[in-house]
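Structure, as C-alpha coordinates:
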Amino acid sequence: LASRQTEAYWRDIFAQAAPGYIAVAVTLTDRQVAELIGNLEEKDEETWSEFAERTTEERRARREKSITKTLQRFTGPLTPAHRAMIEEYAARARPFMAEWRENRRIWRDALAATLADRRSGEPFAARMTQLIARPDDLWTPQYRMAIDASRAALIDLLVDLDATLTAKQRSAARRELASLADEVQGLARVRG
(Lines give C-alpha, C1' and ligand atoms only; values in the text may rest on other atoms or scores of the structure.)
Protein backbone atom coordinates (compact mmCIF):
# COMPACT_ATOMS: atom_id res chain seq x y z
CA LEU A 1 0.00 0.00 0.00
CA ALA A 2 2.73 2.48 0.93
CA SER A 3 4.69 1.75 -2.25
CA ARG A 4 1.55 2.30 -4.34
CA GLN A 5 0.88 5.60 -2.55
CA THR A 6 4.47 6.68 -3.16
CA GLU A 7 4.13 5.80 -6.85
CA ALA A 8 0.91 7.81 -7.06
CA TYR A 9 2.61 10.75 -5.35
CA TRP A 10 5.53 10.76 -7.81
CA ARG A 11 3.16 10.31 -10.76
CA ASP A 12 1.28 13.40 -9.55
CA ILE A 13 4.51 15.40 -9.27
CA PHE A 14 5.54 14.46 -12.80
CA ALA A 15 2.04 15.18 -14.11
CA GLN A 16 2.30 18.66 -12.64
CA ALA A 17 5.77 19.10 -14.16
CA ALA A 18 4.68 17.86 -17.60
CA PRO A 19 3.39 21.21 -18.93
CA GLY A 20 6.80 22.78 -18.29
CA TYR A 21 8.58 19.95 -20.08
CA ILE A 22 6.10 20.17 -22.95
CA ALA A 23 6.59 23.93 -23.27
CA VAL A 24 10.34 23.42 -23.59
CA ALA A 25 10.00 20.42 -25.92
CA VAL A 26 8.01 22.31 -28.55
CA THR A 27 10.89 24.81 -28.85
CA LEU A 28 13.56 22.18 -29.51
CA THR A 29 15.27 22.03 -32.88
CA ASP A 30 15.72 18.73 -34.67
CA ARG A 31 19.39 18.84 -33.71
CA GLN A 32 18.52 19.32 -30.03
CA VAL A 33 16.05 16.42 -30.16
CA ALA A 34 18.72 14.17 -31.68
CA GLU A 35 21.19 15.26 -29.01
CA LEU A 36 18.66 14.62 -26.22
CA ILE A 37 17.84 11.13 -27.49
CA GLY A 38 21.54 10.38 -27.99
CA ASN A 39 22.36 11.53 -24.46
CA LEU A 40 19.57 9.38 -23.00
CA GLU A 41 20.81 6.35 -24.93
CA GLU A 42 24.38 6.99 -23.83
CA LYS A 43 23.36 7.27 -20.17
CA ASP A 44 21.25 4.10 -20.39
CA GLU A 45 24.09 2.17 -22.02
CA GLU A 46 26.49 3.44 -19.37
CA THR A 47 24.13 2.13 -16.68
CA TRP A 48 23.87 -1.19 -18.53
CA SER A 49 27.65 -1.48 -18.95
CA GLU A 50 28.26 -0.80 -15.26
CA PHE A 51 25.79 -3.56 -14.42
CA ALA A 52 27.16 -6.02 -17.00
CA GLU A 53 30.75 -5.54 -15.83
CA ARG A 54 29.90 -6.64 -12.29
CA THR A 55 30.07 -10.27 -11.28
CA THR A 56 27.05 -11.99 -9.77
CA GLU A 57 28.76 -11.76 -6.38
CA GLU A 58 29.42 -8.02 -6.80
CA ARG A 59 25.78 -7.45 -7.71
CA ARG A 60 24.63 -9.43 -4.68
CA ALA A 61 26.97 -7.50 -2.38
CA ARG A 62 25.78 -4.14 -3.75
CA ARG A 63 22.14 -5.14 -3.32
CA GLU A 64 22.81 -6.31 0.23
CA LYS A 65 24.73 -3.13 1.11
CA SER A 66 22.03 -0.88 -0.35
CA ILE A 67 19.19 -2.60 1.50
CA THR A 68 21.14 -2.68 4.76
CA LYS A 69 21.96 1.01 4.52
CA THR A 70 18.35 1.94 3.74
CA LEU A 71 16.90 -0.19 6.53
CA GLN A 72 19.41 1.07 9.08
CA ARG A 73 18.31 4.60 8.23
CA PHE A 74 14.93 3.66 9.66
CA THR A 75 15.73 1.13 12.36
CA GLY A 76 19.24 1.91 13.50
CA PRO A 77 21.74 -0.95 13.83
CA LEU A 78 20.54 -4.32 12.57
CA THR A 79 20.97 -7.58 14.43
CA PRO A 80 22.92 -10.51 13.00
CA ALA A 81 19.57 -12.23 12.33
CA HIS A 82 18.39 -9.21 10.32
CA ARG A 83 21.62 -9.18 8.36
CA ALA A 84 21.19 -12.89 7.60
CA MET A 85 17.67 -12.25 6.28
CA ILE A 86 18.95 -9.46 4.06
CA GLU A 87 21.83 -11.62 2.87
CA GLU A 88 19.39 -14.38 1.92
CA TYR A 89 17.13 -11.91 0.12
CA ALA A 90 20.08 -10.44 -1.82
CA ALA A 91 21.25 -13.90 -2.84
CA ARG A 92 17.77 -14.84 -4.14
CA ALA A 93 17.01 -11.53 -5.89
CA ARG A 94 16.88 -11.84 -9.64
CA PRO A 95 18.33 -8.95 -11.62
CA PHE A 96 16.03 -7.46 -14.23
CA MET A 97 18.44 -5.14 -15.99
CA ALA A 98 17.96 -6.88 -19.35
CA GLU A 99 14.23 -6.13 -19.12
CA TRP A 100 15.03 -2.59 -17.94
CA ARG A 101 17.36 -2.02 -20.89
CA GLU A 102 14.76 -3.15 -23.43
CA ASN A 103 12.09 -1.11 -21.69
CA ARG A 104 14.27 2.01 -21.78
CA ARG A 105 14.88 1.48 -25.50
CA ILE A 106 11.14 1.33 -26.11
CA TRP A 107 10.58 4.47 -24.01
CA ARG A 108 13.35 6.37 -25.84
CA ASP A 109 11.90 5.32 -29.21
CA ALA A 110 8.46 6.53 -28.10
CA LEU A 111 9.97 9.82 -26.92
CA ALA A 112 11.82 10.29 -30.21
CA ALA A 113 8.64 9.60 -32.21
CA THR A 114 6.65 11.97 -30.00
CA LEU A 115 9.24 14.74 -30.28
CA ALA A 116 9.27 14.31 -34.05
CA ASP A 117 5.58 15.31 -33.90
CA ARG A 118 6.09 18.15 -31.40
CA ARG A 119 4.13 20.71 -33.42
CA SER A 120 0.88 18.69 -33.38
CA GLY A 121 -0.60 20.49 -30.37
CA GLU A 122 -2.86 18.47 -28.09
CA PRO A 123 -1.87 14.99 -29.38
CA PHE A 124 1.77 15.88 -28.64
CA ALA A 125 0.92 17.21 -25.17
CA ALA A 126 -1.11 14.11 -24.31
CA ARG A 127 1.62 11.74 -25.46
CA MET A 128 4.35 13.70 -23.66
CA THR A 129 2.29 13.71 -20.47
CA GLN A 130 2.08 9.93 -20.70
CA LEU A 131 5.82 9.60 -21.30
CA ILE A 132 6.64 11.91 -18.38
CA ALA A 133 3.98 11.07 -15.80
CA ARG A 134 2.95 7.54 -16.72
CA PRO A 135 5.93 5.81 -18.34
CA ASP A 136 4.75 2.55 -16.80
CA ASP A 137 1.92 2.60 -19.37
CA LEU A 138 4.62 1.60 -21.86
CA TRP A 139 6.25 -1.13 -19.78
CA THR A 140 6.72 -4.40 -21.57
CA PRO A 141 4.98 -7.40 -20.01
CA GLN A 142 8.41 -8.85 -19.17
CA TYR A 143 9.50 -5.70 -17.37
CA ARG A 144 6.20 -5.41 -15.50
CA MET A 145 6.49 -9.03 -14.33
CA ALA A 146 10.10 -8.47 -13.22
CA ILE A 147 9.17 -5.31 -11.30
CA ASP A 148 6.17 -7.00 -9.68
CA ALA A 149 8.25 -10.03 -8.66
CA SER A 150 10.97 -7.79 -7.23
CA ARG A 151 8.42 -5.71 -5.31
CA ALA A 152 6.77 -8.85 -3.89
CA ALA A 153 10.12 -10.27 -2.74
CA LEU A 154 11.05 -6.98 -1.08
CA ILE A 155 7.68 -6.78 0.68
CA ASP A 156 8.16 -10.34 1.95
CA LEU A 157 11.57 -9.34 3.33
CA LEU A 158 10.14 -6.25 5.02
CA VAL A 159 7.30 -8.24 6.59
CA ASP A 160 9.76 -10.83 7.90
CA LEU A 161 12.06 -8.12 9.25
CA ASP A 162 9.17 -6.24 10.83
CA ALA A 163 8.24 -9.32 12.85
CA THR A 164 11.72 -9.35 14.42
CA LEU A 165 12.34 -5.67 15.20
CA THR A 166 13.19 -4.74 18.75
CA ALA A 167 11.22 -2.07 20.61
CA LYS A 168 14.12 0.33 20.14
CA GLN A 169 14.19 -0.33 16.38
CA ARG A 170 10.42 0.15 16.10
CA SER A 171 10.69 3.46 17.94
CA ALA A 172 13.50 4.61 15.64
CA ALA A 173 11.51 3.55 12.57
CA ARG A 174 8.43 5.45 13.79
CA ARG A 175 10.50 8.61 14.31
CA GLU A 176 12.13 8.31 10.89
CA LEU A 177 8.82 7.60 9.15
CA ALA A 178 7.20 10.57 10.90
CA SER A 179 10.07 12.78 9.76
CA LEU A 180 9.71 11.47 6.22
CA ALA A 181 5.96 12.09 6.31
CA ASP A 182 6.62 15.68 7.42
CA GLU A 183 8.98 16.15 4.48
CA VAL A 184 6.39 14.80 2.04
CA GLN A 185 3.68 17.03 3.53
CA GLY A 186 6.06 19.99 3.21
CA LEU A 187 6.57 19.19 -0.45
CA ALA A 188 2.81 18.87 -0.91
CA ARG A 189 2.29 22.33 0.62
CA VAL A 190 4.94 23.83 -1.65
CA ARG A 191 3.28 22.43 -4.77
CA GLY A 192 -0.27 23.17 -3.58
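The values are calculated or read from the model by the stated rules, or taken from the named source; none is laboratory data. Quick caveat: nothing in here was measured; it's all calculated off a predicted structure. Cβ sites come from the backbone with ideal geometry, for glycine too, and all protein chains shown count toward neighbours. We work out accessible area using only protein heavy atoms, side chains counted, and drop any ligands, DNA or RNA first. Shrake-Rupley method; radii C 1.70, N 1.55, O 1.52, S 1.80 Å.
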- Simple spin-label estimate for Ala153/Gln72, 7 Å along Cα→Cβ, in nm, reads 2.3 nm
- Could I have the simple spin-label model distance between Met145 and Ser49, label points 7 Å from Cα toward Cβ, reported in nm to one decimal? 3.1 nm
- Please report, to two decimal places, log10 I(q)/I(0) for region 1-66 at q = 0.11, 0.25, 0.28 Å⁻¹ as given by the Debye formula with identical point scatterers on the Cα atoms and no solvent. -0.54, -0.97, -1.04
- Item | Surface accessible to a 1.4 Å probe, Glu64 within the full protein complex, Å² | 40 Å²
- Task: State, to one decimal in nm, how far the label point of Arg134 lies from the label point of Leu36, with both points 7 Å from Cα in the Cβ direction.
- Result: 2.0 nm
- Convex hull over the alpha-carbon atoms of region 19-115: what's its volume per residue in Å³? 124 Å³
- Of all accessible surface on the chain at a 1.4 Å probe, what whole percent is carbon and sulfur? 58 percent
- Scaled radius of gyration (Cα, divided by 2.2 N^0.38 Å) that the chain gives: 1.24
- Task: Multiply the residue gap between Lys65 and Ala178 by 0.36 nm, knock off their C-alpha separation, and tell me the result in nm, one decimal place.
- Result: 38.2 nm
